[in-house]
Amino acid sequence: MENILKDRKYCIVTFGCQMNEHDSEIIAGMLEEYGAYAVEHEEADIILLNTCSVRENADKRFFGTLGQLKKRKQENENLIVCVCGCMMQQQHIIDTLKEKYPWVDVIFGTHNIHNFPGILTRVITEKQKMIEIWEDGGEIAEGLPSKRLYKHKSFVNIMYGCNNFCTYCIVPYTRGRERSRNPEDIVREVRELAADGVKEITLLGQNVNSYRAKDTDFTDLIYLLNDISGIERIRFMTSHPKDLSDRLIQAFADCQKLCKSIHLPVQSGSSEILRRMNRRYTKEDYLRLVEKIRSAVPDIAITTDIIVGFPGETEEDFAETLDLCRKVQYDSAFTFLYSIRKGTPAEKYEDQIPEEEKHRRFNELVDLINESSARKNEAYVGRIEKVLVDGPSKTRDNVLTGRTDSFKLVNFEGDDELIGTIVDIEITSANTFSLMGKRV
Ligand code: 5AD
Ligand code: SF4
């Protein structure tokens with residue numbers, strides 16, 4: 001068949017998490033294999049919106065952006081408007097799109113991104129619209145190309161989906177059940193990345209700790225990847241506290257490349273709220289886990305996700321969250337206002353918290369987190385840190401930005417030729433969200 005995608009100009013707009021970002025990298029990689037190339041939004045003949053459904057504001061932003069495309073489509077009937085990602089795995093969204101957004105040409109879901117070039121080809125040649133959503137994952141598509149944002153670092157998916165069904169969360173419904181990639185496929189991909197100059201990999205999965213394929217579990221996988229030469233840093237996200245094993249903690253000590261930072265979403269400090277969230281650990285379990293991690297890996301950076309205003313969260317429950325944060329002293333945290341998600345168990349919980357109250361708690365929590373972030377960063381002043389240089393700072397000329405092993409953002413003066421290398425930086429000052437330093 002004729003390659004109808006050659007020289008087409010595309011633009012992908014990505015909402016949401018690293019999983020989605022990486023899916024977009026794969027979609028871009030596939031389109032470029034067919035000879036399409038990336039352009040700015042205004043110049044594109046193919047626009048793809050890759051959606052997120054984890055909170056309501058992501059839905060709103062998506063519909064806002066889609067609304068703006070109506071005019072573009074009227075001006076240019078050859079423009080192809082495509083939508084994909086988590087929102088498309090929900091029937092009510094598809095119904096809304098069909099009813100109110102007739103300028104959408106292509107709809108596909110999270111389980112069939114590998115078919116996108118084929119779908120697009122048919123839509124162009126047959127001049128028709130197409131909706132193709134798969135209900136569940138099936139076989140994992142291997143060997144897909146990917147267009148990386150950075151030359152020196154890369155995401156690597158190790159598993160898809162989630163079996164945990166936290167009561168607030170839509171992900172198990174939009175990403176399906178857990179499926180782990182074969183370790184041989186992961187090792188092959190990481191070897192290829194290393195050969196291509198990649199120094200840092202971030203292993204991705206909704207709950208990487210429950211990775212298992214054949215006899216290989218997540219910790220085994222870390223040991224395997226630690227042996228691949230060329231790779232200098234290994235990160236992973238996200239971990240579920242209930243599944244984090246002692247062996248993994250030991251791996252931080254054994255595997256020199258495993259970076260000393262961990263994202264460990266707590267969601268709430270109240271054991272009662274955690275129970276209602278179906279998180280399957282208590283406040284005390286979590287604090288014990290943090291203690292165990294810190295005593296094995298003393299300078300590890302710990303970050304988290306916290307939801308405020310879960311249905312039924314009392315003032316006392318919220319005080320437990322503040323207390324937990326004071327005890328843990330997080331390096332940083334993503335804080336979220338609870339957002340009702342259609343189809344999740346918590347949607348039906350009666351005692352929803354008023355928006356105003358959610359905001360009040362949210363602000364109090366953010367202030368507390370910022371204090372501990374600033375304190376943690378302050379402790380870096382005077383240290384010499386190995387920094388993997390990502391690129392020029394967006395705000396200042398001749399300033400580069402990179403990350404420490406513990407994932408702290410560092411700005412320092414230097415030339416562009418340092419990009420992609422690991423340099424020694426003496427930290428000279430700190431603020432809440434970043435460090436400043438100089439080369440030594
Ligand atoms: N409301 C608010 N925050 C949520 N998250 C997931 N679902 C919701 C929801 N319904 C948050 C959790 C999760 C992060 C990715 O998003 O904290 O860890
Ligand atoms: Fe959602 Fe819980 Fe699964 Fe994370 S572990 S994706 S919060 S259901």
Checking Val171 against (1) without any contact (Cβ under 8 Å) to a residue 60 or more places away in the chain; (2) of a type in the set (Val, Ile, Thr); (3) within 11 Å of ligand 2 (Cβ to nearest atom), which single condition isn't satisfied?
-> (1)
Look through the stretch 43-93, keep the residues that are under 21 Å from the mean Cα position of the chain (by Cα), charged (D, E, K, R) and in a helix (DSSP H, G or I), and return whichever of them is farthest from Gly309 (Cα to Cα).
-> Arg61
Which of (1) surrounded by fewer than 22 Cβ atoms within 10 Å (Cβ to Cβ); (2) more than 16 Å from ligand 1 (Cβ to nearest atom) does Ile46 not meet, given it meets every other one?
-> (1)
Within the stretch 70-101, the residues that are free of Cβ contacts under 8 Å to residues at least 40 places away in the same chain, over 18 Å from Val123 (Cα atoms) and in contact with a Leu (Cβ under 8 Å, 6 or more places away or on another chain) are Arg72
Any residue in the stretch 218-230 that's over 11 Å from Val190 (Cβ atoms): show its pairings with residues that are assigned to a helix (DSSP H, G or I) at Cβ separation under 6 Å, as long as the two are six or more apart or on different chains.
-> Phe218/Val208; Phe218/Asn209; Thr219/Arg247; Thr219/Leu248; Thr219/Ala251; Ile222/Ala251
Could you list, in sequence order, all residues of the stretch 340-358 that are among the acidic types (Asp, Glu) and more than 16 Å from ligand 2 (Cβ to nearest atom)?
-> Glu350, Asp351, Glu355, Glu356, Glu357
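Within the stretch 279-305, which residues are outside any helix (DSSP H, G or I) and either of a type outside the set (Phe, Trp, Tyr) or more than 16 Å from ligand 2 (Cβ to nearest atom) (or both)? First the steps, then the outcome.
We begin by selecting, within the stretch 279-305, every residue outside any helix (DSSP H, G or I); these are 279-282, 297-305.
Residues satisfying the conditions are Arg279, Arg280, Thr282, Val297, Pro298, Asp299, Ile300, Ala301, Ile302, Thr303, Thr304, Asp305.
State whether the residues of the stretch 112-131 include one that is within 16 Å of ligand 2 (Cβ to nearest atom) and under 21 Å from Val54 (Cα atoms). Even if it seems obvious, please write down each step before you answer.
Start the filter on the stretch 112-131 by keeping residues that are within 16 Å of ligand 2 (Cβ to nearest atom), which leaves none.
No - not one qualifying residue is present in the stretch 112-131.
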The condition from (1) in contact with a Gly (Cβ under 6 Å, 6 or more places away or on another chain); (2) over 27 Å from Gly176 (Cβ atoms); (3) within 16 Å of ligand 1 (Cβ to nearest atom) that Cys325 misses is numbered (1)
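Please work out if Lys60 is of a type in the set (Lys, Arg) and either under 21 Å from Gly343 (Cβ atoms) or at pLDDT 95 or above (or both). Spell out the reasoning first.
On the way: of a type in the set (Lys, Arg): yes; either under 21 Å from Gly343 (Cβ atoms) or at pLDDT 95 or above (or both): yes.
Yes: the conditions hold for Lys60.
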When (1) in contact with a strand residue (DSSP E or B) (Cβ under 7 Å, 6 or more places away or on another chain); (2) on the phi < 0 side of the Ramachandran plot; (3) among the small types (Gly, Ala, Ser) are applied to Gly309, the one that fails is (2)
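In the stretch 250-265, which residues are of a type outside the set (S, T, N, Q) and surrounded by 19 or more Cβ atoms within 10 Å (Cβ to Cβ)?
At the first step, the residues of the stretch 250-265 found to be of a type outside the set (S, T, N, Q) are 251-255, 257-260, 262-265.
Those that are of a type outside the set (S, T, N, Q) and surrounded by 19 or more Cβ atoms within 10 Å (Cβ to Cβ): Ala251, Leu258, Cys259, Ile262, His263, Leu264, Pro265.
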In the stretch 16-42, what residues are away from ligand 2 (no atom under 16 Å from the Cβ) and part of a loop (DSSP other than H, G, I, E, B)?
-> Tyr34, Gly35, Ala36, Val39, Glu40
Of the residues in the stretch 266-278, those that are assigned to a loop (DSSP other than H, G, I, E, B) and buried (at least 20 other Cβ atoms within 10 Å of the Cβ) come to Val266, Ser268, Gly269, Ser270, Met277
Count, please, the residues in the stretch 339-369 that happen to be in contact (Cβ under 8 Å) with a residue 40 or more places away in the chain and touching a Pro at 6+ places or on another chain (Cβ under 8 Å).
-> 5
State which residue pairs qualify: first residue outside the structural domain of Val208 (by TED's automatic domain parsing) and inside the stretch 264-284, second residue in a helix (DSSP H, G or I) and within 12 Å of ligand 2 (Cβ to nearest atom) in any location, beta carbons under 6 Å apart, and separation of 6 or more residues or different chains.
-> Leu264/Pro241; Ser268/Leu274; Arg280/Lys242; Tyr281/Pro241; Tyr281/Lys242
Given the conditions (1) within 16 Å of ligand 1 (Cβ to nearest atom); (2) loosely packed, with under 15 Cβ neighbours inside 10 Å; (3) over 22 Å from the mean Cα position of the chain (by Cα), and given that Gly312 satisfies all but one, which numbered condition is not satisfied?
-> (2)
Unique residue being assigned to a strand (DSSP E or B) and more than 16 Å from ligand 2 (Cβ to nearest atom) when the list is Ile262, Ile234 = Ile234
Got at least one residue in the stretch 142-161 being free of Cβ contacts under 8 Å to residues at least 40 places away in the same chain, outside any loop (DSSP other than H, G, I, E, B) and among the hydrophobic types (A, V, I, L, M, F, W, C)?
-> no
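The values are calculated or read from the model by the stated rules, or taken from the named source; none is laboratory data. Computed from a predicted model, the values in this text were never measured in an experiment. FYI the Cβ positions are ideal-geometry reconstructions off the backbone, even for glycines, and counts take in every protein chain you see.
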